[in-house]
Amino acid sequence: MSSSRQIETLNELLKGEHIAIDIYDKTKGLQKDVQVAEILADFENDHKQHAELLKKRINDLGGIPRSGTGLSGIMANLAATVNSYRGPGQLVKYLYEGEDDGLRTYEEHIKDFDQVSQDLVRQIITEEHEHLKKFEARMEQEEKEVRGDIVSGPH
């Protein structure tokens, strides 16, 4: 893949990181569930680190890192806000889907990069898998709480 094509693809991945940062920044403040707010803050920091790594690689390739999220970022942020008001369970499910989509995007493009960019993308993919595991654990906890409420509720 040419440097210009790699830069373009890395900038698309960077846009996804900017979207994640914006969403986590906004929704963590809307959460009354402390555990979820802490997860979101941790993931926001991870995505900030990913964005910095991508920016550095784009610069190293002679490109200019783009900022902003565009219309897709605005729409994703709006949907995350709505899901946040619906409760931590709904928000976590929505964010899980977003993380999963982002992970798939990285996996789809890894073969298109040179070795240095592939190593960077592999590092990010590993961290994204950890995000999914944490979200899965939280969703499982939500399901147990719901089942527990149903069992212990009035008869």
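The values are calculated or read from the model by the stated rules, or taken from the named source; none is laboratory data. As the structure is a prediction and not an experimental result, all values here were calculated from the model. Every residue, glycine as well, gets a Cβ built from its backbone with ideal geometry; the counts of neighbours run over all protein chains shown.
Scanning segment 92-137 for residues that are among the hydrophobic types (A, V, I, L, M, F, W, C) and out of contact with any helix residue (DSSP H, G or I) (no Cβ under 9 Å at 6 or more places or on another chain) returns a single hit, A137. Screening segment 25-39 for residues that are touching a residue at least 24 places away in the same chain (Cβ under 8 Å) and part of a helix (DSSP H, G or I) and picking the one that is farthest from K134 (Cα to Cα) gives K26. Out of segment 32-65, which residues are at pLDDT below 95 and either out of contact with any helix residue (DSSP H, G or I) (no Cβ under 9 Å at 6 or more places or on another chain) or basic (K, R) (or both)? The answer is K32, V34. Is it the case, given these coordinates, that N45 is surrounded by 14 or more Cβ atoms within 10 Å (Cβ to Cβ), polar (S, T, N, Q) and over 18 Å from Q118 (Cβ atoms)? Criteria not met by N45.
Among the residues here, E52 qualifies as over 14 Å from the mean Cα position of the chain (by Cα) and part of a helix (DSSP H, G or I).
Taking each residue of segment 42-66 that is on the phi > 0 side of the Ramachandran plot and looking for partners that are among the hydrophobic types (A, V, I, L, M, F, W, C) and assigned to a helix (DSSP H, G or I) with beta-carbon atoms closer than 9 Å, six or more apart or interchain, yields G62/I7. All told, G89 meets the bar of being surrounded by 13 or more Cβ atoms within 10 Å (Cβ to Cβ) and in a helix (DSSP H, G or I).
Filter segment 109-138 down to residues that are among the acidic types (D, E) and closer than 21 Å to K55 by Cβ and give me whichever is modelled with the lowest pLDDT.
D112
No other residue among A79, A37 is among the hydrophobic types (A, V, I, L, M, F, W, C), farther than 20 Å from E127 by Cβ and within 15 Å of the chain's Cα centre (by Cα) apart from A79.
For segment 1-24, what are the residues that are of a type in the set (G, A, S) and part of a helix (DSSP H, G or I)? Result: S3, S4, G16, A20.
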